[in-house]
Amino acid sequence: MDPIAAYKHSRQKLFDAAGIQPESRTINTNGPIRQVHYLKAGQGPPLLLLHGGGGHASEWIPLLKPLAQHFEVYAPDRPGCGLSDFFNYRGVDVQAHAVAFLQSFLDAAGLQRAVVAGHSMGGYFSVCFALRHPERVQQLLLLGAPAGINRWIPYLLRLLGTRGLNRLLLHTLARPSKQNAAFIHKQLLVAHPEQLSDAYLEHAYYSLLLPGSRKSFNTLLENVLSVGGWKKRLLVTGQLSSLQLPVGFLWGDRDAFERPATGRAKAGTIPRHTFDVVAQAGHALWLDQPEKTSQLLLARLGVN
């Protein structure tokens, strides 16, 4: 079975387990890449979900069913991820890229304005877009520590972002396998890796086999990281106070990227913010606590 077919087959298992069958669509855009793949489910006000660094839209599956009961949910694969077109981030202005990608996707989807929810690198993209186009963001929700508000980054990612060394890691620690997918989730993403199903880890493994996905992720890390962590010139911490729209933070108490107390202090510079901590949860908090995360999201979105 070819990698794309294997990816889609394993994804269907997750759809079945979650009891939801979102539409899998591809749309042409005028942005950094031409073809963007996305999942779409539900009816109501538009809600955009933007996944993290080396992830893909399928990671949102545990949240799709509860959110789709109240919203028209769009979950795109970021450039170079999932089933979207390949993208090489070497030499790219990542902040301008983030703005162009989100603007072009909203335009192509016919969405003038939406609630935007981002995780990790997706949070960074979302913040960059909200800073440039606040009129198009009804509300901003940031799940887990958003990238770009703190220099400290787990050392594993710094190594993957070091050109040359990451090639070695691609053949060892980062070599695609279910075991390595489980290891990366344990180290970076979840507090309770034992809760991850075999079907989820199988899909995570197949996502690593998609053509160009690892090169895209590595060039992105090379662009934004140095041995010292997140590059200073790409931090958005000092701009957070200029966000005038509602911003909600949902943070796992065991987030490997930043402690809740530090995140709360930085969120405090935003005039209209909320900050919720989810117990027994890591960086991808909904993988540990899907019910609690969806309840908090809906509450912050005004759904009782």
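Structure values in brief
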read-out	value
Search result, residues across segment 19-49 that are in contact with a strand residue (DSSP E or B) (Cβ under 6 Å, 6 or more places away or on another chain), closer than 23 Å to Q138 by Cα and part of a loop (DSSP other than H, G, I, E, B)	T29, G42, Q43, G44
Subset of segment 108-157 (residues that are hydrophobic (A, V, I, L, M, F, W, C) and out of contact with any strand residue (DSSP E or B) (no Cβ under 9 Å at 6 or more places or on another chain))	C128, L131, L156
Residue in segment 63-81 that is under 18 Å from T293 (Cα atoms), modelled with pLDDT of 95 or more, in contact with a Pro (Cβ under 7 Å, 6 or more places away or on another chain) and in a loop (DSSP other than H, G, I, E, B) present	yes
Close pairs from segment 103-116: first over 19 Å from V247 (Cβ atoms), partner hydroxyl-bearing (S, T, Y), Cβ under 6 Å, at least 6 apart	S104/T29; F105/T29; A108/T29
Cross-chain or 6+ apart pairs with Cβ under 8 Å, segment 250-263 first and closer than 18 Å to L296 by Cβ and of a type in the set (D, E, K, R), then modelled with pLDDT of 95 or more and surrounded by fewer than 21 Cβ atoms within 10 Å (Cβ to Cβ)	D253/P260; D253/V277; D253/A279; D253/Q280; R254/Q280
Selected residue [within 28 Å of R175 (Cβ to Cβ) and in contact (Cβ under 8 Å) with a residue 12 or more places away in the chain] from E59, E72, E135	E59
Test: residue in segment 214-227 that is in a helix (DSSP H, G or I), aromatic (F, W, Y) and in contact (Cβ under 8 Å) with a residue 60 or more places away in the chain	yes
Filtered residues of segment 245-304 (kept if in a helix (DSSP H, G or I), crowded, with 21+ Cβ neighbours inside 10 Å and not aromatic (F, W, Y))	G263, L285, L287, D288, T293, L296, L297
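The values are calculated or read from the model by the stated rules, or taken from the named source; none is laboratory data. In this text, all values refer to a predicted model and were calculated from it rather than measured experimentally. With ideal geometry, Cβ positions are generated from the backbone for all residues, glycine too; neighbour counts draw on all protein chains shown.
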